[in-house]
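Colleague: Quick one: the structure is below, and I'll ask about it shortly.
The values are calculated or read from the model by the stated rules, or taken from the named source; none is laboratory data. The model shown is predicted, which means the values in this text are computed figures rather than measured ones. For neighbour counting, all protein chains shown are included, and Cβ atoms are generated from backbone atoms with ideal geometry for every residue, glycine included. The protein model used for the area step is the full one, side chains on, heavy atoms only, and it has no ligands, DNA or RNA in it. Shrake-Rupley method; radii C 1.70, N 1.55, O 1.52, S 1.80 Å.
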Amino acid sequence: MSKFAWVTLTTNDTYSLGALVLAHSLKRAKTAHQLAVLVSPNVSQAMRDRLKEVYNVVQEVNVLDSQDAANLALLSRPELGVTFTKLHCWRLVQFEKCVFLDADTLVLQNCDELFEREELSAAPDVSWPDCFNSGVFVFKPSVDTFAQITEFAVKNGSFDGGDQGLLNQFFADWSTADIKKHLPFVYNVTAYASYCYLPAFKQFRDKIKILHFAGKLKPWLIQFNSETKVASVSSEYAHAQDLIQLWWNIFCENVIQSLSTEMCLCLNI
Ligand code: UDP
Ligand code: MN
């Protein structure tokens, strides 16, 4: 068994849909490594059973919440306080090294080479490239590091109220200390923002390794026609239609058959 693992997090059954599609995307990309998912108590037993079918480890964790309403309001994302729960990933000490992936990411090509990188390696955030985006990062599990980050969080909070602000404050020298810790953008391509630079998107489209549906509009919230198997996006997001469709194609081919009709109705899919 590999000592390396891909790790994600879900605090409810809806984000779990993302975690299921993500796991299948990793398997399609033929990763040699293990898959682990952190679940909070809110995730239903039925959903945990589905997650167990694809994840080697389904680890229950308690919710850590920044409760920083003011900064989260600046982001217009009140729901992101719970992303502090991500910190539990450092407690997965049965693994030597891990790569954390948000549940709203999709792996398009094998990226096992990421495990050659050191903590903390991540790609720049598109909105402020001197910060890393915390949707994809390489880390080394350690109970000491977990204790240090949580202590730091209690003392200093997070400048954006979510995990990304906190981790950027904790790993504060990321932008200057070691270029090897800067992952190329292809490891965390923000699906909605990449179209700000269309010629680059066209030039490098085939090199994308990991897509990230960062932002409010998650693929599982998009209207999907189960007969035509086409996801229909509003004109505002039309530029990302083909990327959203990729997510739905995996959902249809690998996930939907494992969900009961009752679950689909509950989740509005
Ligand atoms: N997350 C979760 N439940 C929530 C919000 C977030 O499980 O209610 C987890 C999930 O893994 C998600 C990650 O935290 O991918 C970060 O949140 P999100 O992806 O929504 O943030 P964004 O990438 O849009 O900034
Ligand atoms: Mn995300």
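Colleague: List the residue pairs whose Cβ atoms are under 9 Å apart, where the first residue sits in region 220-247 and is farther than 21 Å from residue 10 by Cβ, the second is surrounded by 13 or more Cβ atoms within 10 Å (Cβ to Cβ) and among the charged types (D, E, K, R), and the two are 6 or more positions apart or on different chains.
Modeller: Qualifying pairs under 9 Å: 245/229.
Colleague: Is it true that some residue in region 68-76 is within 16 Å of ligand 2 (Cβ to nearest atom), open to solvent by less than 30 Å² (accessible area, probe 1.4 Å) and over 20 Å from residue 188 (Cα atoms)?
Modeller: Looking only at region 68-76, we keep the residues that are within 16 Å of ligand 2 (Cβ to nearest atom), and these are 72, 75-76.
From what's left, open to solvent by less than 30 Å² (accessible area, probe 1.4 Å): 72.
Now narrow it down to the ones that are over 20 Å from residue 188 (Cα atoms): 72.
Checking region 68-76: at least one residue is within 16 Å of ligand 2 (Cβ to nearest atom), open to solvent by less than 30 Å² (accessible area, probe 1.4 Å) and over 20 Å from residue 188 (Cα atoms).
Colleague: Follow-up. Is it the case that region 142-155 has a residue that's within 15 Å of ligand 2 (Cβ to nearest atom) and either open to solvent by less than 10 Å² (accessible area, probe 1.4 Å) or in a loop (DSSP other than H, G, I, E, B) (or both)?
Modeller: So the first thing to find is which residues in region 142-155 are within 15 Å of ligand 2 (Cβ to nearest atom), and the list is none.
Checked against the condition, which is being within 15 Å of ligand 2 (Cβ to nearest atom) and either open to solvent by less than 10 Å² (accessible area, probe 1.4 Å) or in a loop (DSSP other than H, G, I, E, B) (or both), region 142-155 yields no hits at all.
Colleague: A follow-up question, please. For region 119-135, which positions are within 13 Å of ligand 1 (Cβ to nearest atom), open to solvent by 10 Å² or more (accessible area, probe 1.4 Å) and either of a type in the set (S, T, N, Q) or within 14 Å of residue 178 (Cβ to Cβ) (or both)? Spell out how you get there, then give the answer.
Modeller: Taking region 119-135 first, the residues within 13 Å of ligand 1 (Cβ to nearest atom) are 122-123, 125-128, 131-135.
Filter again for open to solvent by 10 Å² or more (accessible area, probe 1.4 Å), leaving 125-128, 131, 133.
Scanning region 119-135 gives 127, 133.
Colleague: Can I ask one more? Conditions: (1) over 22 Å from residue 111 (Cβ atoms); (2) open to solvent by less than 50 Å² (accessible area, probe 1.4 Å). Residue 6 meets all but one. Number of the miss?
Modeller: Condition (1) is where residue 6 drops out.
Colleague: I want to confirm something. Restricting to region 179-229 and keeping residues that are open to solvent by less than 30 Å² (accessible area, probe 1.4 Å), under 15 Å from residue 111 (Cα atoms) and assigned to a loop (DSSP other than H, G, I, E, B), which single residue is nearest to ligand 2 (Cβ to nearest atom)?
Modeller: Within region 179-229, the match that is nearest to ligand 2 (Cβ to nearest atom) is 188.
Colleague: Okay, moving on. Please give the number of the condition residue 162 fails out of (1) within 16 Å of ligand 1 (Cβ to nearest atom); (2) touching a Cys at 6+ places or on another chain (Cβ under 6 Å).
Modeller: It is condition (2) that residue 162 fails.
Colleague: So how many residues does region 127-141 have that are within 14 Å of residue 169 (Cβ to Cβ) and outside any strand (DSSP E or B)?
Modeller: Quick first cut of region 127-141, residues within 14 Å of residue 169 (Cβ to Cβ) only: 128, 130-132, 134.
Next cut, outside any strand (DSSP E or B) only: 128, 130-131.
Residues meeting the conditions: 3.
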